[in-house]
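Please read the structure below before turning to the comments.
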Amino acid sequence: MAEPAEVAPGVFVATARTYVTTTTVVAGDGGGCLVIDPAVTVADLDALASWLAARELRPVAGWSTHPHWDHVLWSRALGDPARYATPRAVAAAERELPSLVREMEETAPGHDLALFARLRPLPGEELPWRGPRAVVLAHDAHAPGHGAVFLPDTGVLVAGDMCSDVEIPLLDAGAADGDPFGGYRRGLGVLAAAAGVRVVVPGHGHVGDAAEFRRRVAADFGYLDAVEAGRDPADERLAGPAAAAWLRAEHDRQRALGLRELTESSPPGRTPE
Ligand SMILES: [Zn+2]
């Protein structure tokens, strides 16, 4: 884990090597802090805990943006504060626990299972803590009950696994309503409608400013438009040798999903209006 960077007053982002994964820390009152998506390896979490201790910051609340293994981690060194997620995310994490554990063990083994994915459903839409207001923007893009956190005082949007400069939109292929593209569009719309975003922090990738946030939202809608229309998107995140093989494979799966949607919505012999 590289040294956390202060991206806005009192808001720090640490970036891990694995999948360019970010961890966000928001300083609150009296040395308390909110920790969002601490990740990824046991060593990364130890380094985070040491950094917090050196700055005399003590976790008093935790937030998991969504129920994927790399966003529901915790360590004893971070203390034992209430850790929240949206009610739909908590339900999904409970349902999927065995596969989340398996995925974690494959990539970042050794985490304390007694603390893994131990989340409580957030009552309401703001984190109950003594610090800057932290408003949850919930939707079902990428994963059920995905909850971005918006800090209105500083204009920081902690987007979870959305608005990335290194990852294409990754759909929740198993969306409960059978409409992963629609769900993603709605989620992106919720984030795009947030007023006053000055800094965007993706779950994987690099922090961006207001203009970069707008650019990423447009790129993500552009990606969805292309894939749903059966076109191959001209997306720089898929171009070049730096694009990861797993990301291209995911893109191929999403293209197949888009094509299936297209053929199902226009049965043979009938032209779509
Ligand atoms: Zn994810």
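The values are calculated or read from the model by the stated rules, or taken from the named source; none is laboratory data. Since the structure is predicted, the reported quantities are computational estimates derived from the model, not experimental observations. Using ideal geometry, Cβ is built from the backbone for each residue, glycine included, and neighbour counts are taken over all protein chains shown. Just so you know, the surface numbers come from the protein's heavy atoms only, side chains and all, with ligands and any DNA or RNA stripped out. Shrake-Rupley method; radii C 1.70, N 1.55, O 1.52, S 1.80 Å.
In the stretch 220-231, is there at least one residue being of a type outside the set (D, E, K, R), touching a residue at least 24 places away in the same chain (Cβ under 8 Å), open to solvent by 40 Å² or more (accessible area, probe 1.4 Å) and within 20 Å of Asp70 (Cβ to Cβ)?
Step one: of the stretch 220-231, the residues of a type outside the set (D, E, K, R) are 221-224, 226-227, 229-230.
Filter again for touching a residue at least 24 places away in the same chain (Cβ under 8 Å), leaving 221, 223-224, 227, 229-230.
The next check asks that each one be open to solvent by 40 Å² or more (accessible area, probe 1.4 Å); those that pass are 221, 229.
Among the residues that remain, those that are also within 20 Å of Asp70 (Cβ to Cβ) are: none.
Within the stretch 220-231 (the criterion being of a type outside the set (D, E, K, R), touching a residue at least 24 places away in the same chain (Cβ under 8 Å), open to solvent by 40 Å² or more (accessible area, probe 1.4 Å) and within 20 Å of Asp70 (Cβ to Cβ)), the answer is no, since none of the residues qualifies.
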Tell me, yes or no, whether the stretch 89-109 has at least one residue that is open to solvent by less than 40 Å² (accessible area, probe 1.4 Å), part of a loop (DSSP other than H, G, I, E, B) and in contact with a Gly (Cβ under 6 Å, 6 or more places away or on another chain). no
Matching entry among Glu103, Glu125, Glu96 (being closer than 22 Å to Leu151 by Cα, free of Cβ contacts under 8 Å to residues at least 40 places away in the same chain and acidic (Asp, Glu)): Glu125
Only one residue in Asp112, Asp70 is open to solvent by 10 Å² or more (accessible area, probe 1.4 Å) and without any contact (Cβ under 8 Å) to a residue 40 or more places away in the chain. Which one? Asp112
Given the options Thr18, Thr22, Thr86, name the one that is of a type in the set (S, T, N, Q) and surrounded by fewer than 24 Cβ atoms within 10 Å (Cβ to Cβ). Thr18
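Look through the stretch 27-46, keep the residues that are touching a Ser or Thr at 6+ places or on another chain (Cβ under 9 Å) and either outside any loop (DSSP other than H, G, I, E, B) or modelled with pLDDT under 95 (or both), and return whichever of them is farthest from Glu6 (Cα to Cα).
Pass one, the stretch 27-46, residues touching a Ser or Thr at 6+ places or on another chain (Cβ under 9 Å): 34-42, 44-46.
If we keep only those that are either outside any loop (DSSP other than H, G, I, E, B) or modelled with pLDDT under 95 (or both) as well, we get 34-36, 42, 44-46.
Values: Leu34: 14, Val35: 14, Ile36: 15, Val42: 23, Asp44: 18, Leu45: 18, Asp46: 19 Å.
Across the stretch 27-46, the extreme among qualifying residues is Val42.
Within the stretch 83-105, can you find the residues that are basic (Lys, Arg) and under 28 Å from Gly32 (Cα atoms)?
Step one: of the stretch 83-105, the residues basic (Lys, Arg) are 83, 88, 95, 102.
Of everything in the stretch 83-105, those that are basic (Lys, Arg) and under 28 Å from Gly32 (Cα atoms) turn out to be Arg83, Arg88.
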Residue list for the stretch 32-90, filter: touching a Phe, Trp or Tyr at 6+ places or on another chain (Cβ under 9 Å), of a type in the set (Ser, Thr, Tyr) and within 15 Å of the ligand (Cβ to nearest atom): Ser64
